[in-house]
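Scroll down for the structure; my scribbles are underneath it.
The values are calculated or read from the model by the stated rules, or taken from the named source; none is laboratory data. All of these numbers come straight from a predicted model, not from anything done at the bench. Cβ sites come from the backbone with ideal geometry, for glycine too, and all protein chains shown count toward neighbours. Accessible surface is based on the protein model in full, side chains and every heavy atom, while ligands, DNA and RNA are left aside. Shrake-Rupley method; radii C 1.70, N 1.55, O 1.52, S 1.80 Å.
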Amino acid sequence: MRYALISDIHANLPALEAVLAHIDGRPDVDATYHLGDLVGYAPWPDEVVSLLRERAIPGVAGNYDSTTATDYKHCGCKYEDARQEELSHLSYEWTRAHVSADTKRFLGSLPFRIDVRPLGGHVAGPRLILLHGNPVLNTVYWTEDRSDKFCLQMAESVSGKAGDLIAFGHTHKPWQREVEGIHFVNTGSVGRPKDGDPRAGYAVVTLADGSTAVEFARVAYDVERAMEGVRASELPDDFAEYLRTGGKLPESAGQEA
Ligand SMILES: [Fe+2]
């Protein structure tokens, strides 16, 4: 079975449309899942949720989804200075004020984790475990520089075994690693990449009996349209510049979640 995994769309409709078209062009993909953070930072939260529902794409809740759904005090995002904190707050307040009641209910209904058995539940594995941030809490960043020990601790919390693949997003930077036969894949971000490449990112993982493959895809999309959408809204223009540069700004412009 081959799965397309799309994470951290962050209300960026042009990026989501481009990624779905790209996946449609790959008939070898059997199923698509999202890994959360559907809203925040861009002006199309309802449209992104509608498109995912229309396409019946299942997935898990990101921190932005669950905090928006529950009117939490902040979005669960990390920030490193006062300006980032201010931008993070502006995005969260805008999103909470603009999502429909229906979108909010949908965001609140998303599960924390999804376990998939590519070979069927009548056999023990391998498993594809889908998360947003990590298996314990969606506000902890599982970055590439985390130790093997940290990865194994995370795997232990979901009873991960050799051959399993644990997929997540949240940091907006794609990476993968194998530790003691367990595969760890950060899919990167569809709608707000942070690795300096403005193209939308997602991952394709293949799990077969005894073999696993991971590919990262990058898709050029209409960034100008996304930037115009940000500028035409009351969201800070900083977020448009962030999209253009893939998160590599001379000065910080809001941290992710
Ligand atoms: Fe995110």
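Over region 107-186, how many percent of alpha carbon pairs lie in each 5 Å bin up to the one with the longest distance?
Taking every Cα pair in region 107-186, the percentages come to 3, 15, 28, 26, 16, 8, 3, 0.
When DSSP beta bridges are limited to those with both residues in the chain, what percentage is antiparallel, rounded to the nearest 5?
Working: 21 of 33 bridges.
Restricted to the chain, the bridges split so that about 65 percent are antiparallel.
Quote the Stokes-Einstein diffusion coefficient, in whole µm² s⁻¹, for region 1-61, based on the Kirkwood radius over alpha carbon pairs, a temperature of 25 °C and a viscosity of 0.890 mPa s.
Details: Rh = 11.6 Å.
This corresponds to a translational diffusion coefficient of 212 µm²/s.
For every helix of n ≥ 4 consecutive DSSP H residues, a contribution of -39,500 (n - 2.57) applies; sum these over the chain, divide by its total residues, and give [θ] at 222 nm rounded to the nearest 500 deg cm²/dmol.
On the way: 8 runs with 83 residues, N = 257.
Theoretical 222 nm ellipticity from helices: -9500 deg cm²/dmol.
Classify region 1-118 from the C-alpha gyration tensor, please: rounded if a/c falls under 1.5, else prolate or oblate depending on whether a/b exceeds b/c. Before the final figure, lay out the partial values.
Values: a/c = 1.89, a/b = 1.78, b/c = 1.06.
It is prolate, given that a/c is not under 1.5 and a/b is the larger ratio.
Mind computing the radius of gyration and Dmax over the alpha-carbon atoms of region 50-99? Å is fine for both.
Considering region 50-99 through its Cα atoms, Rg and Dmax are 12.8, 39 Å.
Cut-off under 23 Å on the C-alpha distance; same-chain residues fewer than 8 positions from Lys161 excluded. Which lysines are left, in chain and number order?
In chain and number order, the partners are Lys149.
Under 18 Å from the Cα of Lys194, which lysines turn up, not counting those fewer than eight places away in the same chain?
Correct list for Lys194: Lys78, Lys173, Lys248.
Would you mind getting the accessible area per residue of region 65-166, heavy atoms of the protein chains only, 1.4 Å probe, in Å²? Let's see the in-between values first.
On the way: 5170 Å² over 102 residues.
Result: 51 Å² of accessible area for each residue.
Based on the mean of other Cβ atoms within 10 Å per residue, sort peptides 128-137, 12-21 so the most packed one is first. Mind showing how you got there, number by number?
Numbers: 128-137: 21.8, 12-21: 23.3.
Going by the mean number of other Cβ atoms within 10 Å, highest first, we get 12-21, 128-137.
Sticking to Cα atoms, compute the Rg of the chain to one decimal and its Dmax as the biggest Cα-Cα distance, whole number, in Å.
Spelled out, the Cα radius of gyration and Dmax of the chain are 17.2, 53 Å.
In terms of the Cα gyration tensor, with a ≥ b ≥ c the square roots of its eigenvalues, is region 84-132 rounded because a/c is under 1.5, prolate because a/b exceeds b/c, or oblate? It would help to have the intermediate numbers written out before the result.
Working: a/c = 6.68, a/b = 2.42, b/c = 2.76.
Taking the square roots of the gyration eigenvalues as a ≥ b ≥ c, region 84-132 is oblate.
Using only alpha-carbon positions, what ratio does the radius of gyration of region 118-163 give when scaled by 2.2 N^0.38 Å? Write out the running numbers ahead of the final one.
Values: Rg = 12.0 Å, N = 46, 2.2 N^0.38 = 9.4 Å.
Compactness ratio reported: 1.28.
From zero up to wherever the largest Cα-Cα distance of region 61-168 sits, split into 5 Å bins and tell me the percent of pairs in each.
P(r) for region 61-168, in whole percents per bin: 2, 11, 17, 17, 16, 14, 11, 7, 3, 1, 0.
Quick one: in region 147-240, what % of C-alpha pairs are over 22 Å apart? Please report the intermediate quantities before stating the final value.
Working: 1820 of 4371 pairs.
The answer is 42 percent, as a whole percent.
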